[in-house]
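To start, the structure under review is shown below, and the notes come after it.
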Amino acid sequence: DKGGHKHFMAKEIAEQPTVLTSALNYYLDETGITLPDPGLDFARIERLTMVACGTAYFACLTAKYWFEQLAGIPVEVDVASEFRYREPPIAPGTVALFVSQSGETADTLAALRYCRDKADRIVSVVNVAESSIARESDLPLPILAGAEIGVASTKAFTCQLGVLITLALKAARDKGRIDDTELATHLTALRGLPGLMNIALDQADRTRALARKLAEARDILFLGRGPMYALAHEGALKLKEISYIHAEAYASGELKHGPIALVDKTVPVIVMAPTDALFDKTVSNMQEVMARGGKVLLITDRKGADQAAEGVWNTLILPEVDPLLAPILYAIPAQQLAYFTAVAKGTDVDQPRNLAKSVTVE
Ligand code: F6R
């Protein structure tokens with residue numbers, strides 16, 4: 001049942017404020033954060049190894065910034081197909097964390113089994129609660145996104161991020177890096193996020209109009225810094241898998257080390273830049289793109305647009321948000337741009353060519 005939408009993907013994009021709210025309600029109460037039994041105390045945890053594939057991997061890449069910044073826990077992130085054969089040493093004090101919507105991805109499951117007798121704890125962040133990955137974990141953490149039918153992952157991604165930021169905040173508190181008051185402030189911001197996502201969803205008409213233009217491109221670049229770099233990857237993956245337009249993500253600061261050679265007036269460059277501590281640096285990279293004729297779509301907030309929109313091809317304005325939470329909010333326009341671009345191109349949005357929902361063979 002597509003709930004009145006043309007595609008499951010559209011339905012699942014629209015559902016995000018609701019499902020994220022249920023995910024947060026599951027983990028948060030008035031007193032703070034509660035994990036399901038047997039719980040997890042980060043106080044003695046020295047490092048985190050996060051492993052996943054595709055979109056779930058980009059959720060891990062985003063969470064690396066959170067765990068490191070908030071909790072001071074060093075994080076290693078890898079794609080499962082590399083991790084499992086690389087056979088990396090796992091030091092004592094490591095928690096191994098696996099993220100998977102289906103819970104059946106063959107490489108991720110093999111990576112989990114590799115860690116079985118090596119890591120202190122095996123934690124998983126999964127959507128399908130009865131899945132192999134959930135069953136084989138010491139602590140399976142559900143994301144409660146509900147069934148995801150569209151092959152391109154959307155609501156599972158934002159719910160994965162919702163659970164991962166909650167975990168990172170718990171880690172920060174367990175490590176004594178934030179006190180109860182600071183935790184409460186973060187949790188209030190987190191609870192406000194679904195409301196901001198609704199505002200972002202309301203931009204659909206504008207996003208659709210922009211996507212019609214993007215549909216004419218052969219190559220599209222996504223740029224971001226910090227956690228927005230991780231989201232840039234997700235934006236590029238979403239776009240290529242359903243619209244078949246070649247898209248790549250780069251860390252803004254890497255641009256001048258090569259990729260800027262790709263920029264000309266035919267290449268739209270999507271810059272994801274909320275006004276955070278790194279905003280000015282991203283803007284200066286964006287100006288380098290414009291100086292070479294690049295067609296910039298700046299996704300930012302009102303303040304950012306006032307400061308930096310001069311000379312850009314277009315802007316998309318999102319509500320102001322706690323910079324920590326920006327990747328979750330900015331996932332909405334990233335998904336909508338991909339969706340409307342695919343619709344404009346007339347591709348099979350819910351069943352893109354060559355792709356399967358659950359990759360149970362390596
Ligand atoms: C992209 C997408 C895939 C999956 C990947 C992992 O939209 O859906 O990249 O994220 O195949 O799948 P799970 O999360 O089921 O392990």
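The values are calculated or read from the model by the stated rules, or taken from the named source; none is laboratory data. Computed from a prediction, not measured in an experiment: that's the story for all the values here. Note that each Cβ is placed from the backbone with ideal geometry, even for glycine, and that neighbours are counted across all protein chains shown. Accessible surface areas use protein heavy atoms only, side chains included; no ligands, DNA or RNA. Shrake-Rupley method; radii C 1.70, N 1.55, O 1.52, S 1.80 Å.
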Next on the checklist: Yes or no: the range 152-167 includes at least one residue that is within 30 Å of residue 87 (Cα to Cα), open to solvent by 10 Å² or more (accessible area, probe 1.4 Å) and within 16 Å of the ligand (Cβ to nearest atom).
Outcome noted: yes
Checklist outcome for this item: In the range 1-17, residues that are assigned to a loop (DSSP other than H, G, I, E, B) and either surrounded by 18 or more Cβ atoms within 10 Å (Cβ to Cβ) or of a type in the set (Asp, Glu) (or both) total 3
Checklist entry - Taking residue 81, is it over 23 Å from residue 169 (Cα atoms) and either touching an Asp or Glu at 6+ places or on another chain (Cβ under 9 Å) or near the ligand (Cβ under 9 Å from one of its atoms) (or both)? => result yes
Next on the checklist: What are the pairs with Cβ atoms under 8 angstrom where one residue, in the range 245-267, is basic (Lys, Arg) and the other, located anywhere, is surrounded by fewer than 17 Cβ atoms within 10 Å (Cβ to Cβ)? Sequence gap at least six, or different chains.
Outcome noted: 256/288; 265/293
Checklist entry - Does any residue of the range 265-275 turn out to be part of a strand (DSSP E or B) and within 16 Å of the ligand (Cβ to nearest atom)? => result no
Checklist entry - Is there a residue in the range 319-334 that is small (Gly, Ala, Ser) and open to solvent by 10 Å² or more (accessible area, probe 1.4 Å)? => result no
Checklist entry - Among 20, 70, which is the only one that is touching a residue at least 60 places away in the same chain (Cβ under 8 Å), open to solvent by 10 Å² or more (accessible area, probe 1.4 Å) and under 18 Å from the mean Cα position of the chain (by Cα)? => result 70
Checklist entry - How many of the residues in the range 141-151 are farther than 22 Å from residue 200 by Cα and surrounded by fewer than 21 Cβ atoms within 10 Å (Cβ to Cβ)? => result 4
Checklist outcome for this item: Filtering the range 105-127 down to residues that are out of contact with any Lys or Arg (no Cβ under 7 Å at 6 or more places or on another chain) and among the charged types (D, E, K, R) yields 113, 116, 117, 118, 120, 121
Checklist outcome for this item: Selection from the range 189-244 of residues open to solvent by less than 10 Å² (accessible area, probe 1.4 Å) and among the basic types (Lys, Arg) yields 238
Next on the checklist: Looking only at residues that are aliphatic (A, V, I, L, M) and within 10 Å of the ligand (Cβ to nearest atom) in the range 93-131, which one is surrounded by the most Cβ atoms within 10 Å (Cβ to Cβ)?
Outcome noted: 99
Item to check | Count of the range 21-61 residues which are closer than 22 Å to residue 229 by Cα and outside any strand (DSSP E or B) | outcome: 9
